[in-house]
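Let me begin by presenting the structure, written as structure tokens, before commenting on it.
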Amino acid sequence: MIFSTFQFMFVFLPLVVCGFFLLCKHRLPRAAALWLLGASLVYYGWWNPAYLLLIVCSLTGNYLLAAVMVSASGTLRRMLLAGGVAANIGLLGYYKYTDFVIGSYNALTGAAVPLQHIVLPLAISFFTFQQVAYLVDCHRGRAGTHGFVDYALFVCFFPQLIAGPIVHHAEMMPQFASLRSRVVQWQNIYTGLFLFSLGLFKKVVLADNLAVFAGYGFDSADTLSMGVAWGTSLAYTMQLYFDFSGYTDMALGASQMLNIRLPDNFISPYRAVNIQDFWRRWHITLSRWLRDYLYIPLGGSRRSESRTLVNLVFTFLLGGLWHGAGWTFVAWGAAHGAAMAVHRVWSAGGRRMPALAGWACTFLFVNLAWVLFRAESFADALKVYEGMAGLHGFGMTRTFKDMFEAATGVGPYGQLQFLLPACLAAFVFPNSRTLRGLVSPGMFWTAWIVICLFCSLYFMADAAHVSEFIYFRF
């Protein structure tokens, strides 16, 4: 059950919201919290109930460990932190990287160690990072004791559970305990509905349609001409953004209906004028986590300039590996780490690039790097790069046109028609953060909600429509 399904929109979400406020109305706040927690566990277990035991054991173990850490001191607290972090990372490593390590070992040594084919549990990367941050803050004395239900909701709250934003305990737990969150606020209901419908439109209308062209270019075509290769890369660049930001908008909208405000995760990242600006706008909560719990503990920028550059590259290397168990993800992270290092050296001398040139260079780099992020192998990435360089012709070949139409049932430009509105939304139109502050009940915003929902439901009604969030894989 994902956000962009009829059962979530018309059954699960209305039941959760109505049940929560009904319990609050009858002055049963703890029952209301348990209702949210139970709904979140049902939501998580919808795909595979067997993994419910994993997340329940994980949050229970971390909660008990944190409770002991708060009352411990000195060496014992450090030992508990080291053990807790090792256990969390070890669990993530087992499920996510076992086959990656075995495959890499086989490739390097010629061995034939069989792969384990371990199924990656949903959201393990996200709830692991949240709980590691909580343990570290307990060690630093920045997190106190909380009730188990509040902690479990912090980890499991269904809008952000599967693909973020990666929330911080200090911004979530007080909201769960607030009396204000237990009273129906119609402005929040309306704004939440707008954000949810906007995110649904981004996902179903823009991202899912661009995915068809991008997927064929990356996965099916043997060679790509320059036009097709650039169309493929740009289609994926926009698909990824509207897929993930669409999910985030839906998460923000669903939570706002419950009077819970999640942190912003995207602020028009493709308008960034340098690579540092990009990472202040893209997946903001991950950037914050990497800064606070990896980059700064490594020394941040407090040591020598060379050490700072090493810290930057290492942080992004691990950020790339967090996204996926593959060398293409490591290469993607290394590319962004190197770009951040180059930007730091460039800026240190007081050099500045004109805004338009800075934007063009940044977007070009980000678009090229996304090829590594999307490709299943370096060979697939090289195929796209060769096409972008014009090594296999310049126009859309008749062979590609015929094969694409035969495979998809639509003309070769059928999905690329969504690229222009996607670019306008990414580069020109107000972002959801801006719109969130403008929405108020009235004909104008109601019309936008209706249009977004109607267009989205139109595409969802197609039996051939496939809607999977990219970040569910991470």
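The values are calculated or read from the model by the stated rules, or taken from the named source; none is laboratory data. Note that the structure is a prediction, hence the values are computed from the model and not measured. Reconstructed Cβ throughout: ideal geometry from the backbone, glycine too, with neighbour counts over all protein chains shown. Heavy atoms of the whole protein, side chains included, go into the accessibility calculation; ligands, DNA and RNA do not. Shrake-Rupley method; radii C 1.70, N 1.55, O 1.52, S 1.80 Å.
Note on region 80-129: among residues that are among the small types (G, A, S) and outside any helix (DSSP H, G or I), the one that is least open to solvent (accessible area, probe 1.4 Å) is A123.
If you take the residues of region 439-448 that are more than 12 Å from L195 (Cβ to Cβ) and part of a loop (DSSP other than H, G, I, E, B), which of them is least open to solvent (accessible area, probe 1.4 Å)? Here the residue is G442. Output the qualifying pairs, or none if there are none: Cβ atoms under 7 angstrom, residues six or more apart or on different chains, first residue in region 35-47 and open to solvent by 80 Å² or more (accessible area, probe 1.4 Å), second residue part of a helix (DSSP H, G or I) and not acidic (D, E). Final answer for the pair search is W35/G19; W35/F20; W35/L23. Taken as a whole, the condition of being closer than 26 Å to L161 by Cβ and in contact with a Leu (Cβ under 7 Å, 6 or more places away or on another chain) does not apply to G324.
Sub-8 Å Cβ pairs linking a first residue in region 62-75 that is more than 16 Å from D150 (Cα to Cα) to a second residue that is of a type in the set (G, A, S), at least 6 apart or interchain, are M69/G84; V70/A143; V70/G144, ordered by first then second residue. When we screen V132, V101, V85 for residues that are in contact (Cβ under 8 Å) with a residue 60 or more places away in the chain and among the β-branched types (V, I, T), the only hit is V132. Among residues of region 175-194 that are under 16 Å from G253 (Cα atoms), those with a Cβ under 6 angstrom from a residue that is open to solvent by 60 Å² or more (accessible area, probe 1.4 Å), sequence gap 6+ or separate chain, pair up as Y190/P441.
Taking the criterion of being crowded, with 21+ Cβ neighbours inside 10 Å and not hydrophobic (A, V, I, L, M, F, W, C), the residues of region 327-342 that qualify are G333, H336, G337. Is it fair to say L309 is crowded, with 17+ Cβ neighbours inside 10 Å and either in a helix (DSSP H, G or I) or in contact with a Leu (Cβ under 7 Å, 6 or more places away or on another chain) (or both)? So L309 fits the description; yes.
To keep it simple, each residue is scored yes or no on (1) part of a helix (DSSP H, G or I); (2) touching a helix residue (DSSP H, G or I) at 6+ places or on another chain (Cβ under 7 Å); (3) within 21 Å of A152 (Cβ to Cβ).
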site	(1), (2), (3)
L13	yes, yes, yes
F21	yes, no, yes
C24	yes, yes, yes
W35	yes, yes, yes
G38	yes, no, yes
W47	no, no, yes
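When region 449-463 is filtered for residues that are under 16 Å from L195 (Cβ atoms) and open to solvent by 70 Å² or more (accessible area, probe 1.4 Å), the ones remaining, listed by number, are V450, I451.
Note on region 138-166: residues that are touching a helix residue (DSSP H, G or I) at 6+ places or on another chain (Cβ under 7 Å), free of Cβ contacts under 8 Å to residues at least 40 places away in the same chain and part of a helix (DSSP H, G or I) total 1.
Elements of the type helices (runs of 4 or more DSSP H) sitting completely within region 346-435 and holding at least 1 residues that are among the small types (G, A, S) and at pLDDT below 90: these cover 398-408. All of (1) more than 27 Å from L262 (Cα to Cα); (2) part of a helix (DSSP H, G or I) hold for R303 with one exception: (2).
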